[in-house]
Amino acid sequence: MANGGIAVVRTVADLRATVALWRDERQRIALVPTMGAIHRGHLALVAAARGDCGRVAASLFVNPTQFGPSEDFAAYPRDEAADLAQFAAAGVDLVFAPPVDAMYPPGFATSVTVGGIGDELEGGHRPGHFAGVATVVAKLLLQALPDAAYFGEKDYQQLLVVRRLVRDLDIPAQIVGVATVREPDGLALSSRNVYLAPDERRRAPLLHQVLQETAAALRRGADVAAATGRGRSRLAAGGFAVDYLVLRDAETLAPLDRLAAPGRLLAAARLGRTRLIDNVAVAP
Ligand code: PAF
């Protein structure tokens, strides 16, 4: 079978029926939320989930509400058969792949907004994005009620938004962040890397290189404004249109004007029509 015979459910009732069986078996249950276009970054989430939990469900849903009107929802890479085969090979026990109208039936009217931490950076450049993410993640967590759910650190602000969401809404799932998986040249794996033209792909690793160089300068005591400014100039000289390159508190995302607390350097920049994001930890 092309998908390796993996179990696929498309309704919340069927998802809950399987999860209920796992609960009866007293299994610890993981959820790995994805939008498909599965790559090694997603497989690292599955591997972490399998390490912690007896049963792993993955969701596969390209969530329309987290894309802006001028973004790539229609063009987002979709290949369900290939995704299912990768999930099967990675040891996922169940895939939840609902159609859009099962997630957003006619009359759907609720939106979850995580203020503060979701307001700027990605939230500022992609208005409505985090409300779309928070709403669908809240739904997925309440639909599956897993013990733990796994998110990549590549989308670092998303990870913090989801942590805030589960705390604020008392959703009883542990949120686990998993380290970014990179190409050998440092480029963070992303489903959107397929959009890069060959020449852009050659230049793309500069984003991670600049983050690392800026982090090293900050650790040596460089001034934050000067170091991040130099990083932005290096990216612009490399052909990137920079949306932001900033140092933030690693837990609250509050601006840091000196490296006094664990920090996170976060960047977003466009190469042609592809928008790349990345981030690295910076310890004081
Ligand atoms: O990170 C993603 O792929 C998506 O934002 C998520 C968490 C699956 C919600 O649609």
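Readers should treat all values here as calculations from the given coordinates under stated rules, not as data from a laboratory. Here the structure is a predicted model, which is why all the values come from computation and not from measurement. Note: ideal-geometry Cβ built from the backbone for every residue, glycine included; neighbour counts use all protein chains shown.
Of all the C-alpha pairs in the chain, what % are more than 28 Å from each other? Mind dumping the intermediate values first?
Working: 15118 of 40186 pairs.
So the pairs more than 28 Å apart make up 38 percent of the total in the chain.
Using 1/(1 + (r/R0)^6) with R0 = 25 angstrom and r between the beta carbons of ARG192 and GLU80, what's the FRET efficiency to the nearest 0.05?
0.85
So in the chain, what percent of DSSP beta bridges are antiparallel if you round to the nearest 5?
The answer is about 50 percent antiparallel.
Counting other C-beta atoms within 10 Å, and keeping those with at most 16, which DSSP coil trypsin sites (Lys or Arg not before Pro) do you find in segment 1-97?
Passing sites in segment 1-97 are ARG10, ARG26, ARG28, ARG78.
When 1/r is averaged over all different Cα pairs and the result inverted, which Kirkwood radius in Å belongs to segment 67-117?
Hydrodynamic radius (Kirkwood, Cα pairs) of segment 67-117 is 14.4 Å.
Considering only C-alpha atoms, what is the centroid distance from segment 207-278 to segment 45-120, in Å?
28
Label points 7 Å out from Cα along the Cβ direction at ARG167 and ALA89: separation in nm?
Inter-label distance under the simple model: 3.9 nm.
Simple spin-label model, 7 Å along Cα-to-Cβ: ASP249 to THR11 in nm?
That separation, rounded to one decimal, is 4.7 nm.
Let me know the charge dipole size of segment 123-217 about its Cα centre in debye, to the nearest 20, where only the beta-carbon of Lys, Arg (+1) and Asp, Glu (-1) is charged.
About 180 debye.
Once the Cα gyration tensor of segment 1-145 is found, what semi-axes does its equivalent ellipsoid get, as square roots of 5 times the eigenvalues, in whole Å, sorted largest first?
On the way: eigenvalues 136, 61, 48 Å².
After scaling each eigenvalue by five and taking roots: 26, 18, 16 Å.
Helix 156-168 versus the longest principal axis of the chain: what angle, 0 to 90°, nearest 10, using Cα atoms?
50
In what sequence do TYR195, TYR156 fall when counting other Cβ within 10 Å, fewest first?
Least to most surrounded, the residues fall as TYR195, TYR156.
If I take all pairs of Cα atoms in segment 159-199, what percentage of them are more than 16 Å from each other?
The proportion of pairs with Cα distances above 16 Å equals 56 percent.
Per 5 Å bin from zero, what fraction in whole % of the C-alpha pairs of segment 225-284 is there, up to the bin with the longest pair?
4, 20, 27, 23, 14, 9, 2, 0
Round to the nearest 10 and give me the degree value, 0 to 90, for the angle of helix 129-144's Cα axis relative to the longest principal axis of the chain.
So the inclination is approximately 30 degrees.
Can you give the helix-only mean residue ellipticity at 222 nm for the chain, where every DSSP H stretch with n ≥ 4 adds -39500 (n - 2.57) and the sum goes over all residues, rounded to the nearest 500 deg cm²/dmol? Can you show the working numbers first?
Numbers: 10 runs with 108 residues, N = 284.
So the calculated ellipticity at 222 nm is -11500 deg cm²/dmol.
Report the trypsin sites (Lys or Arg not before Pro) located in segment 184-284 that are in a DSSP loop and have at most 14 other Cβ atoms inside 10 Å of their Cβ, or state none.
Within segment 184-284, the qualifying trypsin sites (Lys or Arg not before Pro) (loop, at most 14 other Cβ atoms within 10 Å) are ARG220, ARG258, ARG273.
To test your reading of the geometry: what angle, between 0 and 90 degrees and rounded to tens, separates the Cα axis of helix 80-90 from the longest principal axis of the chain?
The two axes meet at around 90 degrees.
Between ASP101 and ASP257, what is the label-to-label distance in nm when each label sits 7 Å out along the Cα-to-Cβ direction?
If labels sit at ASP101 and ASP257, their model points lie 5.6 nm apart.
When only C-alpha pairs under 8 Å and at least 6 residues apart count, what is the relative contact order of segment 22-143, in percent?
Across segment 22-143, relative contact order equals 28 percent.
What is the extension gain from THR110 to LEU142, computed as 0.36 nm multiplied by their sequence separation minus the C-alpha to C-alpha distance, in nm to one decimal? Let's see the in-between values first.
Working: separation 32, 0.36 × 32 = 11.52 nm, distance 1.41 nm.
Additional length available on full extension: 10.1 nm.
Would you mind calculating the relative contact order of segment 222-271 from Cα pairs under 8 angstrom and at least 6 residues apart, reporting the percent as a whole number?
37
Quick one: give the max-minus-min coordinate of the C-alpha atoms of segment 165-251 along each principal axis, largest first, in Å.
Cα spread of segment 165-251 along its principal axes, largest to smallest: 46, 36, 23 Å.
Based only on other Cβ atoms within 10 Å, what is the fewest-to-most ordering of THR18, THR252?
Details: THR18 18, THR252 13.
By the 10 Å Cβ count, ascending: THR252, THR18.
Identify the chymotrypsin sites (Phe, Trp or Tyr not before Pro) of segment 44-145 meeting these criteria: DSSP loop state and at most 16 other C-beta atoms within 10 Å of the C-beta. Could you put the intermediate results ahead of the total?
Details: sites: PHE61, PHE67, PHE73, PHE87, PHE96, PHE108, PHE130; in loops: PHE61, PHE67, PHE73, PHE108.
Here the sparse-neighbourhood loop sites are PHE73, PHE108.
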